[in-house]
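One structure below.
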Amino acid sequence: MPFDLSWFYDIPTARAALLMVGAFVAFYWAGAVVVRPFLRIFVRRAPGLNDLIGYILSCFCVFYGLLLGLIAVTAYQNVESAEQNVTREAAALSALYEDVSRYPEPHGQDLRWLIRDYTRYVIKYAWPLQQQGIIPEEGTIRAEAIFDRLLDFEPKTSGEEILHAEALRQINHFLECRRLRLHSVRAGLPRAMWIVMFVGAFFNILLCWMFDTRFLTQLVLGGILAAYLGLMMYLIVDMNQPFRGEVSVSPEAFELLYLRMMED
Amino acid sequence: MPVPPDTQPLNRGAVTRRETLRSGVAATLAAARVLAPSLFVGCSLGIPPRAPTVRIGLLHSQTGPLAIGSTSLRDVEVDAVERFNAAGGILGFSIDPRAPDTRSRTDLFPKRATTLLDDGAVALFGCWSSASRKAVLPIVEERDSLLFYPVQYEGNESSRNVIYGGQVPNQQVLPALDWLRSGPGGERKKFFLLGSDYVYPRTTNFIVRKWLAGTGVEIVGEEYFSLDTEDFAPVVARIRERGADCILNTVNGSGNIALFAALAEAGIDPAKVALVSTSVSEDDLRSMPAAHSAGHWVLSSYFQTVDTPANAAWMAGFRSEFGHDRVFGDSMEAAWCLINLWKVAVEQAGSFATEAVRQVFAAGIGFDGPGGRMTIDPATQHATKHFRLGRVRPDRLCDVVVSSDGPLAPDPYPQVAFPGWKCDWTKGGLQPGPEVSIDG
């Protein structure tokens, strides 16, 4: 994002939406009071320009609406993709836990402890950090510890060899998903998209200000448009970072896994 | 005829721009006044307030050969911090534990310690081997910070910047020697000293030699092995050949697996030849077949089998967070007591500052831990510890066979080994005696 809006994600959903909508409407109304009188002079001097502005506005709204829609879909896909990675990571960890449970002791027990510890860390420490847009560091140490301990094991039978090969496959898959999850902590729409979105919203409002209508009509109709723009912007901002805000990925997959591990 | 201005009829059906603005502003202000308290409580926009945090550093190896034992210490400390935070933190501050990985490498301990202190850690908890502690010592002394060290060690050290939570020889090895020489201990007369080749075993065995001198006990052998030694068969043959009836084992790490196996394969009967280990915990026993370890002896201040309500409550609390198959050991209990003692000290000091906390320790404070009460001796900054000698059961836990009546006071400089050396931080600190060579 072109500027830091991290504080925005800490605001409860309803208030954040209200704030964004309020900001857009207030901006529109302020402009209607301050800017509109000057723009109206320009429009009044050219008869028929009001119709032209209406035509341009409707064309502009179509393109801008499409852009916003596509961006909203992209942002949602980012959230969904992050969610899939989290589910895959938890699934790989679960399969690894099952594999190492068949290892001889003390390797099996050590690995179960380490996997449980990793899962617990992800839920209790990594997730709150991710929700602040911070990439958790100590999870890497815990993942390395699992990998290290797994490599310490030397299979002695063909059955153990097969089991060990499967465990190594699972841990590699788990590490891959983990890297993807960490990558998506700070993932978001590119700066150019934000600029186009906000400039587009401004042009939309500018065209509305140029309309020569009664003041009250201007406030009401323009206010509704501005409110909807604000709502769309809120939706995109909220979904922009997969682990932040109300519309975000939850640690539920890890929580379910941890509960199952603790039942053992 | 013109109508006077005050009698002109008003066009009440038309809304002027000025009136709209005026009523709009009035309505907005009224709405803001009504809604603001619930929408933007305390101007925080509803953002939940975050407690101020204070950072502490946990210096443990989470990968490498020392990882499993050290990781358990980290877990215990994290568990303690979580309980502190759940209860409102310390002095209103939430505690933020940072645990970088020292990778079982001595050279990384001082580097990680420096980074943690640079990042604002108010105290450090951890280190495992004496080498790692000695590597961190100059850092905490230079920065005037506090290191809480939870592992039993050889003594012969005292620093104003370290709180020692493990046993020193007079709380562990020396009472065991006295018991082994007594009737109930089998009146053992021929001791074989076996250890890993580093400072702890060598210093401990030096103290043992001095302690046993003139008691009628014969030391029939003293040998040291590198930490990665896996073949103990030759030394076991020598132990048998020399007729030792007690092996004092200061081998550390995975070498114990090979040693216990070699003894079992040689048919050494634990009932006749007592293997007394100083650096073996229930955690290490998991790695051995029960047939190799059952009947041997382990020296510790705490065993998982200590039957007290405090121990049961501690284990249950820890297991509910970290898993019901977790095994407990001496250093874990010491780590738990030390971090709780730090909390007590900070709360009594009303500050996280090193000097303020140290002043509280200097006044003498204690904590009722799972293994009994632990008090920090103001003179030496070492912990008072129970002495316990346990015998390994077939399920690889230990039955406590001998224990001290209460916690034993620490003596990091036993006069029999370090004559003239004294330490009393309440009276001027360390008073060095004549130089002592442990190889002499």
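Here residue B:393 meets each of (1) in contact with a strand residue (DSSP E or B) (Cβ under 7 Å, 6 or more places away or on another chain); (2) of a type outside the set (Ser, Thr, Tyr); (3) surrounded by 17 or more Cβ atoms within 10 Å (Cβ to Cβ) with one exception, condition (3).
Scan the range A:76-94 and tell me whether some residue there is out of contact with any helix residue (DSSP H, G or I) (no Cβ under 6 Å at 6 or more places or on another chain), outside any helix (DSSP H, G or I) and surrounded by 15 or more Cβ atoms within 10 Å (Cβ to Cβ). Within the range A:76-94 (the criterion being out of contact with any helix residue (DSSP H, G or I) (no Cβ under 6 Å at 6 or more places or on another chain), outside any helix (DSSP H, G or I) and surrounded by 15 or more Cβ atoms within 10 Å (Cβ to Cβ)), the answer is no, since none of the residues qualifies.
Looking at the range A:235-246, is at least one residue buried (at least 19 other Cβ atoms within 10 Å of the Cβ), among the small types (Gly, Ala, Ser) and within 16 Å of the chain's Cα centre (by Cα)? For the range A:235-246, residues buried (at least 19 other Cβ atoms within 10 Å of the Cβ), among the small types (Gly, Ala, Ser) and within 16 Å of the chain's Cα centre (by Cα): present.
Every residue in the range B:254-268 that is open to solvent by 30 Å² or more (accessible area, probe 1.4 Å) and either among the β-branched types (Val, Ile, Thr) or touching a residue at least 12 places away in the same chain (Cβ under 8 Å) (or both), please. Residues satisfying the conditions are B:254, B:257, B:264, B:265, B:266.
Identify all residues within the range B:189-245 that are assigned to a helix (DSSP H, G or I) and over 35 Å from the mean Cα position of the chain (by Cα); write none if there are none.
Within the range B:189-245, B:234, B:237, B:238, B:240, B:241 meet the criteria.
Total residues in the range B:358-374 satisfying the condition of being under 18 Å from the mean Cα position of the chain (by Cα) and crowded, with 21+ Cβ neighbours inside 10 Å: the figure is 6.
If the condition is being under 22 Å from residue B:204 (Cβ atoms), of a type outside the set (A, V, I, L, M, F, W, C) and within 14 Å of another protein chain (Cβ to nearest Cβ), then the range B:273-308 contributes B:281, B:282, B:283, B:284, B:293. Quick one: is residue B:77 part of a helix (DSSP H, G or I) and on the phi < 0 side of the Ramachandran plot? In short, yes.
Beta carbons closer than 8 Å, at least 6 apart along the sequence or on distinct chains, pair a first residue in the range B:307-321 that is under 13 Å from residue B:83 (Cβ atoms) with a second that is of a type outside the set (A, V, I, L, M, F, W, C) and open to solvent by 60 Å² or more (accessible area, probe 1.4 Å) for B:317/B:83. Of all the criteria given as (1) farther than 14 Å from residue A:75 by Cβ; (2) free of Cβ contacts under 8 Å to residues at least 40 places away in the same chain, the one not satisfied by residue A:215 is (2). In summary, residue B:221 fulfils each of the numbered conditions (1) within 30 Å of residue A:107 (Cβ to Cβ); (2) at pLDDT 95 or above with the single exception of condition (1).
What pairs can you find where one residue is in the range A:29-41 and open to solvent by less than 60 Å² (accessible area, probe 1.4 Å), the other is among the aromatic types (Phe, Trp, Tyr), and their Cβ atoms are less than 6 Å apart, with a gap of 6+ or different chains? Between residues of the range A:29-41 that are open to solvent by less than 60 Å² (accessible area, probe 1.4 Å) and residues that are among the aromatic types (Phe, Trp, Tyr), the close pairs are A:31/A:209; A:35/A:209; A:36/A:209; A:39/A:209. Picking from residues in the range A:105-160 that are more than 20 Å from the chain's Cα centre (by Cα) and polar (S, T, N, Q), the one that is surrounded by the most Cβ atoms within 10 Å (Cβ to Cβ) is A:119. Entry remark, the range A:7-38: residues being away from chain B (no Cβ under 11 Å) and within 19 Å of residue A:245 (Cα to Cα) number 4 in total.
With the requirement that a residue be outside any loop (DSSP other than H, G, I, E, B) and free of Cβ contacts under 8 Å to residues at least 12 places away in the same chain, what does the range A:122-158 give you? Quick ask: steps written out before the conclusion?
Kept after step one, since they are outside any loop (DSSP other than H, G, I, E, B), are these residues of the range A:122-158: A:122-130, A:138-152, A:158.
Scanning the range A:122-158 gives A:124, A:128, A:129, A:140, A:141, A:144, A:148, A:151, A:158.
Right, residue A:60: hydrophobic (A, V, I, L, M, F, W, C) and surrounded by fewer than 14 Cβ atoms within 10 Å (Cβ to Cβ) or not?
Values: hydrophobic (A, V, I, L, M, F, W, C): yes; surrounded by fewer than 14 Cβ atoms within 10 Å (Cβ to Cβ): no.
Against the criterion (hydrophobic (A, V, I, L, M, F, W, C) and surrounded by fewer than 14 Cβ atoms within 10 Å (Cβ to Cβ)), residue A:60 does not qualify.
Among the candidates B:94, B:61, B:72, the residue that is more than 9 Å from chain A (Cβ to nearest Cβ) and at pLDDT below 95 is uniquely B:61. Screening residue A:89 on (1) in contact with a Cys (Cβ under 6 Å, 6 or more places away or on another chain); (2) at pLDDT below 95 shows it passes everything except condition (2). Only one of the numbered conditions (1) under 26 Å from residue B:196 (Cβ atoms); (2) assigned to a loop (DSSP other than H, G, I, E, B); (3) within 13 Å of chain A (Cβ to nearest Cβ) is violated by residue B:256, and that is (2).
From B:36, B:26, B:30, B:14, grab the single residue that is in a helix (DSSP H, G or I), at pLDDT below 75 and within 13 Å of chain A (Cβ to nearest Cβ).
On the way: B:26 fails: within 13 Å of chain A (Cβ to nearest Cβ); B:30 fails: within 13 Å of chain A (Cβ to nearest Cβ); B:14 fails: in a helix (DSSP H, G or I).
When all the criteria are applied, what remains is B:36.
Those strands (runs of 3 or more DSSP E) of the range B:274-391 in which 1 or more residues are within 28 Å of residue B:90 (Cα to Cα) and in contact with a helix residue (DSSP H, G or I) (Cβ under 8 Å, 6 or more places away or on another chain) occupy B:366-369, B:372-375. If the condition is being open to solvent by 70 Å² or more (accessible area, probe 1.4 Å) and of a type in the set (A, V, I, L, M, F, W, C), then the range B:192-212 contributes only B:211.
For the range A:133-170, the candidate set comprises residues that are under 24 Å from residue B:50 (Cβ atoms) and within 10 Å of chain B (Cβ to nearest Cβ); within that set, the residue that is modelled with the highest pLDDT is A:138. Of A:100, A:86, A:79, A:73, all but one fail to be among the aliphatic types (A, V, I, L, M), on the phi < 0 side of the Ramachandran plot and within 14 Å of chain B (Cβ to nearest Cβ); the exception is A:100.
Inspect the range A:233-240 for any residue being away from every other protein chain (no Cβ under 14 Å) and closer than 28 Å to residue A:44 by Cα and give the result as yes or no. For the range A:233-240, residues away from every other protein chain (no Cβ under 14 Å) and closer than 28 Å to residue A:44 by Cα: absent.
Listed residues A:182, A:175; which is open to solvent by less than 70 Å² (accessible area, probe 1.4 Å), at pLDDT below 95, closer than 17 Å to residue A:90 by Cβ and not basic (Lys, Arg)? Working first, answer last.
Numbers: A:175 fails: at pLDDT below 95.
Unique residue meeting the criteria: A:182.
For the range B:218-246, name all the residues that are touching a helix residue (DSSP H, G or I) at 6+ places or on another chain (Cβ under 6 Å) and surrounded by 21 or more Cβ atoms within 10 Å (Cβ to Cβ). Matches in the range B:218-246: B:232, B:236, B:246. Go through (1) at pLDDT below 85; (2) in a helix (DSSP H, G or I); (3) aliphatic (A, V, I, L, M); (4) under 30 Å from residue B:50 (Cβ atoms) and name the single condition residue A:1 misses. Unmet condition: (2).
Can you name every residue in the range B:391-439 that is within 14 Å of residue B:204 (Cα to Cα) and free of Cβ contacts under 8 Å to residues at least 12 places away in the same chain? Walk me through how you get there before you give the answer.
Step one: list which residues in the range B:391-439 are within 14 Å of residue B:204 (Cα to Cα), which gives B:411-418, B:436-439.
B:415, B:437, listed by residue number.
Evaluation of residue B:157 against the conditions (1) within 23 Å of residue B:268 (Cα to Cα); (2) of a type in the set (D, E, K, R); (3) open to solvent by less than 30 Å² (accessible area, probe 1.4 Å) shows that the sole unmet condition is (1).
The values are calculated or read from the model by the stated rules, or taken from the named source; none is laboratory data. The structure presented is a predicted model; accordingly, all values stated were derived computationally and were not measured. Because the Cβ atoms are built from the backbone with ideal geometry, glycine has one as well, and the counts that use them run over all protein chains shown. Just so you know, the surface numbers come from the protein's heavy atoms only, side chains and all, with ligands and any DNA or RNA stripped out. Shrake-Rupley method; radii C 1.70, N 1.55, O 1.52, S 1.80 Å.
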